[in-house]
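The values are calculated or read from the model by the stated rules, or taken from the named source; none is laboratory data. Keep in mind it's a predicted model, so treat the numbers as computed, not measured. Note: ideal-geometry Cβ built from the backbone for every residue, glycine included; neighbour counts use all protein chains shown.
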């Protein structure tokens, strides 16, 4: 997993806030085909519980704080997203969960592919089996 910092600029008047931007294949390592966001989630709720066979994602907490757990089948890494100017790049073959650390945090996701249910692995034992078989090292 890789943390990505976006380009961030003050507008002409710093009192107006900041502007963050990124471009596909330039600031992030893939062209995104789908964008979605999750909101209205209460603190302590854990979502995700899946991996993808081919999909790559960039996760950005645009408001609040969310802990992302990424598991490659051998080790787990935890990252707290709490800065809208930073994102977490999650490659294919990573089991992930997202734990809301603050009520109403908003998670924005850029996905490399269109939605395809057959790309999801929702059973952790199946994920571990595929990881041990080297499914993503081919």
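What about residue 58, is it touching a residue at least 60 places away in the same chain (Cβ under 8 Å) and either buried (at least 17 other Cβ atoms within 10 Å of the Cβ) or farther than 20 Å from residue 119 by Cα (or both)?
Taking the combined requirement at face value, the residue does not satisfy it.
Please pick out the residue among 37, 89 that is closer than 29 Å to residue 26 by Cβ, out of contact with any helix residue (DSSP H, G or I) (no Cβ under 9 Å at 6 or more places or on another chain) and loosely packed, with under 14 Cβ neighbours inside 10 Å.
Only one candidate passes the filter, namely 37.
Being closer than 23 Å to residue 79 by Cα and modelled with pLDDT of 70 or more is the filter; apply it to segment 1-22 and report the residue that is surrounded by the most Cβ atoms within 10 Å (Cβ to Cβ).
Among those that are closer than 23 Å to residue 79 by Cα and modelled with pLDDT of 70 or more, it is 22.
Which one of these does residue 121 not meet: (1) at positive phi; (2) touching a helix residue (DSSP H, G or I) at 6+ places or on another chain (Cβ under 8 Å)?
(1)
Does segment 90-99 include one or more residues that are outside any loop (DSSP other than H, G, I, E, B) and over 30 Å from residue 18 (Cβ atoms)?
So far as segment 90-99 goes, yes, one or more of its residues are outside any loop (DSSP other than H, G, I, E, B) and over 30 Å from residue 18 (Cβ atoms).
Can you pull out the residues in segment 37-85 that are more than 24 Å from residue 20 (Cβ to Cβ) and outside any strand (DSSP E or B)?
Result: 42, 43, 44, 45, 53, 54, 72, 73, 74, 75.
Output the residue which, of all residues in segment 69-86 that are under 22 Å from residue 130 (Cα atoms) and in contact (Cβ under 8 Å) with a residue 60 or more places away in the chain, is surrounded by the fewest Cβ atoms within 10 Å (Cβ to Cβ).
The residue in question is 77.
Taking segment 117-138, which residues are surrounded by 11 or more Cβ atoms within 10 Å (Cβ to Cβ), outside any helix (DSSP H, G or I) and without any contact (Cβ under 8 Å) to a residue 24 or more places away in the chain?
Hit for segment 117-138 is 123, nothing else.
If residue 51 satisfies all but one of (1) surrounded by 15 or more Cβ atoms within 10 Å (Cβ to Cβ); (2) out of contact with any helix residue (DSSP H, G or I) (no Cβ under 8 Å at 6 or more places or on another chain); (3) within 23 Å of residue 127 (Cβ to Cβ); (4) modelled with pLDDT of 95 or more, what's the number of the condition it fails?
Result: residue 51 fails condition (2) only.
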